[in-house]
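Heads up: the structure comes next, in structure tokens.
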Amino acid sequence: SLLGFLKPFLLVFLIAVLLLFQPDMGSLVVIAVLSLGLLWTGGAKFVYYAFLLVAVALACAVLVLVKPYRLLRVTSFMDPWADQFGSGYQLTQSLMAFGRGGLWGQGLGNSIVKLGYLPEAHNDFVTSILGEELGFVGLCVVLVLEYIIIIKAVRLGFKILRKGPVFQGFAACGIGFLFCTQTFVNIGAASGALPTKGLTLPLVSFGGSSMIVFCCAVAILLRIDFEYRHGRINFQVPEEKDAKANMHEVISR
């Protein structure tokens with residue numbers, strides 16, 4: 001229903017406004033993609049979903065145009081070599097790291113661009129260092145491991161949701177979407193397929209809060225899988241009247 005669609009939309013909109021005041025575009029992108037994915041998983045009507053996609057696209061265009069540095073990021077990634085010592089410096093160094101790695105890489109610890117040439121080499125552009133040290137083959141192995149987590153999480157979520165629209169199913173899907181978004185944006189930014197954006201590679205990039213969040217996400221996913229395998233998930237969703245009656249009973253106590 002429209003009301004069921006507006007409730008999460010308004011909540012996400014409020015969070016998005018607060019993030020814009022920081023500004024923190026990276027977190028905003030993650031939350032927007034997660035919200036779109038969970039609304040699609042929850043069965044949002046196509047008309048509402050299409051409207052939201054158009055609104056998000058227009059909002060992104062406006063946010064890029066109002067800030068010159070954001071517009072420069074969008075234009076510089078299309079041809080970073082045009083200003084390789086200016087706006088395109090980070091991306092050109094990243095691409096050179098991939099080029100040095102070749103098929104089999106230079107070996108662990110033998111990266112050159114991480115020695116002060118590539119900014120944020122340990123964090124946002126750790127994919128470039130993996131490509132240089134492990135090569136194309138080694139990088140593919142790391143990415144396959146990332147996508148195994150994504151596929152397992154989404155499959156587990158849909159298995160649960162087929163039996164009932166319970167929280168554990170949406171949580172598992174959300175964790176899968178989170179890993180997918182961060183991995184896709186990180187690889188895209190490092191390879192020049194997307195504008196430069198500061199998002200970490202899950203469970204690989206250096207970072208305290210990022211590592212803690214993803215470790216907690218994996219722990220939650222394992223707990224959901226444990227409860228599903230042992231039949232501890234209650235798939236009997238109470239009706240609205242029963243839920244209100246139970247709530248009044250809890251409040252009265």
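Any read-out appearing in this document is the output of simple, stated calculations on the displayed coordinates, not a laboratory observation. Quantities reported herein were computed from a predicted structural model and do not represent experimental measurements. As a convention, Cβ positions derive from the backbone with ideal geometry for all residues, glycine included, and neighbour counts pool all protein chains shown.
Comparing Gly131, Gly198, Gly107 in a Gaussian network model of the chain, where Cα atoms under 10 Å apart are tied by springs, the biggest mean-square fluctuation is seen for Gly107. Among the listed pairs Lys45/Lys67; Lys159/Lys197; Lys45/Lys197; Lys45/Lys159; Lys114/Lys197, give every one whose C-alpha distance is greater than 29 Å. Pairs exceeding the cut-off: Lys45/Lys67; Lys159/Lys197; Lys45/Lys197.
Where does the Debye-calculated log10 I(q)/I(0) of the chain sit at q = 0.12, 0.13 Å⁻¹, using only Cα point scatterers of equal weight, no solvent? The computed values of log10 I(q)/I(0) come out as -0.84, -0.95.
Full extension of the chain segment joining Met78 with Lys7 gains 21.8 nm, where the gain is 0.36 nm per residue of separation less the Cα-Cα distance.
With 0.36 nm allotted per residue and the present C-alpha distance subtracted, the Arg232-Ala16 stretch has 74.2 nm of extension available. The value of relative contact order for the chain, using C-alpha pairs under 8 Å at least six residues apart, is 17 percent. For region 12-25, 3J(HN,Hα) computed residue by residue from phi via the Karplus equation (6.51, -1.76, 1.60; θ = phi - 60°) reads 5, 4, 4, 5, 5, 4, 5, 5, 5, 6, 5, x, 9, 5 Hz, glycine and proline entered as x. 3J(HN,Hα) along region 135-150: x, 4, 5, x, 5, 4, 5, 4, 5, 4, 5, 5, 6, 5, 4, 4 Hz, from the Karplus curve 6.51 cos²θ - 1.76 cosθ + 1.60 with θ = phi - 60°, whole Hz, x for Gly and Pro. Peptides 94-106, 137-149, 168-180, ordered by how many other C-beta atoms sit within 10 Å of their residues on average, highest first, read 168-180, 94-106, 137-149.
Among the chymotrypsin sites (Phe, Trp or Tyr not before Pro) found in region 1-61, those both in a DSSP coil and sparsely packed, with 13 or fewer other Cβ atoms within 10 Å of their Cβ, are Phe21.
The smallest convex shape that holds all Cα atoms of region 1-66, its convex hull, gives 71 Å³ per residue.
3J(HN,Hα) couplings calculated from phi for region 40-53 with the Karplus curve 6.51 cos²θ - 1.76 cosθ + 1.60 (θ = phi - 60°) are, in sequence order, 5, 5, x, x, 5, 5, 4, 4, 5, 5, 5, 4, 5, 4 Hz; Gly and Pro show x.
A helix-only calculation puts the chain at -24000 deg cm²/dmol for mean residue ellipticity at 222 nm, using -39500 (n - 2.57) for each DSSP H run of at least four residues, averaged over all residues. Region 168-197 and region 23-51 have their alpha-carbon centroids 13 Å apart.
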